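Taking it in order: structure first as structure tokens, then the write-up.
The values are calculated or read from the model by the stated rules, or taken from the named source; none is laboratory data. These figures come from a predicted structure and were not determined experimentally. Here the Cβ is made from the backbone with ideal geometry for all residues, glycine too, and neighbour counts use every protein chain on show.
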Amino acid sequence: MATFGDLERALADLYPYRWAIGAAVLVLIAAFLAFAWWRGWHRVVWRYRKPLGIVSVPLLAVTLWLGWSLGSPLFTNVTVDEAFPFAATATVPEGMEREEVEEVLSGFSKVDSPVMESMPAPAAIDVSAVMAAEMMGEEDAPVVMTAARQADLEEGMAMAIKAVEADSMEEAAAMTEEGVAMMEEAIEQAEMMAQPAATNQVEAVAMGSFKDADAFHRGSGTATIYRTPDGSEVLRLEDLNVTNGPALHVVLSTHPDPERSEQVKQEGYVDLGDLKGNRGNQNYPIPAGVDTSIHKSVVIYCYPFAVVFSVATLER
């Protein structure tokens with residue numbers, strides 16, 4: 001079918017001139033029919049109508065069926081709208097619809113910016129917490145303190161101060177050692193509590209926008225690869241609008257901008273299956289074990305004709 005693909009690409013190059021070509025074809029057909037009538041060919045056809053009918057009717061039926069099967073998708077549209085795949089497990093707040101939750105989660109998963117928080121009020125700054133952070137060598141690190149740990153710190157500091165005023169050097173050393181031990185224990189507990197917790201946020205690891213392959217094979221919308229905390233990945237197509245065609249597939253390609261079949265199918269490509277619809281929002285699970293870091297584009301690809309319909313180059 002590669003030959004048909006080359007033919008389709010050639011016809012696609014002529015697509016901008018379709019109206020002029022169509023008019024020329026109609027003129028040629030009319031001229032041929034006039035010539036056939038002038039030559040009397042219609043009388044020959046009528047004379048042998050029975051054998052010609054036996055041969056031509058099945059041939060015409062097969063031609064129409066094949067033409068409709070391969071050509072009709074080019075002139076029809078199939079819309080498939082699927083929910084954002086990670087909204088199903090979310091709790092819907094009172095007063096919100098699930099569609100709103102899907103929109104919010106989809107937006108959050110694409111945000112990649114630091115969160116800036118204002119400086120706490122002076123009254124909220126705890127001297128013991130600041131000292132603990134400095135002793136750990138992390139002046140800007142957040143320190144999580146429990147009431148018990150803070151009490152230990154304050155007691156240790158009080159004992160250290162008393163040690164300075166102690167009459168006996170031995171008593172001062174003992175009090176200082178005990179105070180330091182309590183402070184170290186409190187700092188260790190605070191450091192353990194300050195360890196960052198594993199995030200449960202869905203992450204958008206790669207994204208691209210679909211573009212036209214040529215004047216006939218057109219495409220728009222976005223392709224995003226999402227990764228969940230458990231490592232599984234899903235490709236989501238949003239606002240998709242691509243020229244329809246027979247047996248279209250969604251392919252992850254290692255080529256950044258493939259134009260031909262051999263570029264789409266170069267080593268490492270992954271076929272995610274049939275395109276569910278040429279319009280809408282759709283999800284395509286990525287098989288476990290696939291390393292998507294090597295894939296540089298998402299391709300809408302026609303298998304029967306080996307033709308690229310649209311490509312979204314991925315950025316990370």
Which of the residues spanning segment 298-312 are β-branched (V, I, T), farther than 19 Å from G67 by Cβ and more than 11 Å from the chain's Cα centre (by Cα)?
V299, I300, V308, V311
Answer with yes or no whether V270 is crowded, with 20+ Cβ neighbours inside 10 Å, touching a strand residue (DSSP E or B) at 6+ places or on another chain (Cβ under 8 Å) and aliphatic (A, V, I, L, M).
no
If you go through segment 212-233 one residue at a time, how many are basic (K, R) and farther than 19 Å from N77 by Cβ?
1
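Are any of the residues in segment 281-297 among the aromatic types (F, W, Y) and out of contact with any Lys or Arg (no Cβ under 9 Å at 6 or more places or on another chain)?
Scanning segment 281-297, I find no residue that is among the aromatic types (F, W, Y) and out of contact with any Lys or Arg (no Cβ under 9 Å at 6 or more places or on another chain), so the answer is no.
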Regarding segment 253-275, can at least one residue be identified that is without any contact (Cβ under 8 Å) to a residue 24 or more places away in the chain and either within 18 Å of F75 (Cα to Cα) or in a strand (DSSP E or B) (or both)?
yes
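Taking the options R236, R260, name whichever one is under 18 Å from F86 (Cβ atoms) and touching a strand residue (DSSP E or B) at 6+ places or on another chain (Cβ under 9 Å). Lay out the reasoning, then the answer.
Working: R260 fails: under 18 Å from F86 (Cβ atoms).
Just one listed residue meets the conditions, R236.
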Given (1) more than 15 Å from the chain's Cα centre (by Cα); (2) at pLDDT 85 or above, identify the lone condition not met by M183.
(2)
Of all residues in segment 210-220 being under 20 Å from L237 (Cα atoms) and crowded, with 17+ Cβ neighbours inside 10 Å, the one that is nearest to the chain's Cα centre (by Cα)
F210
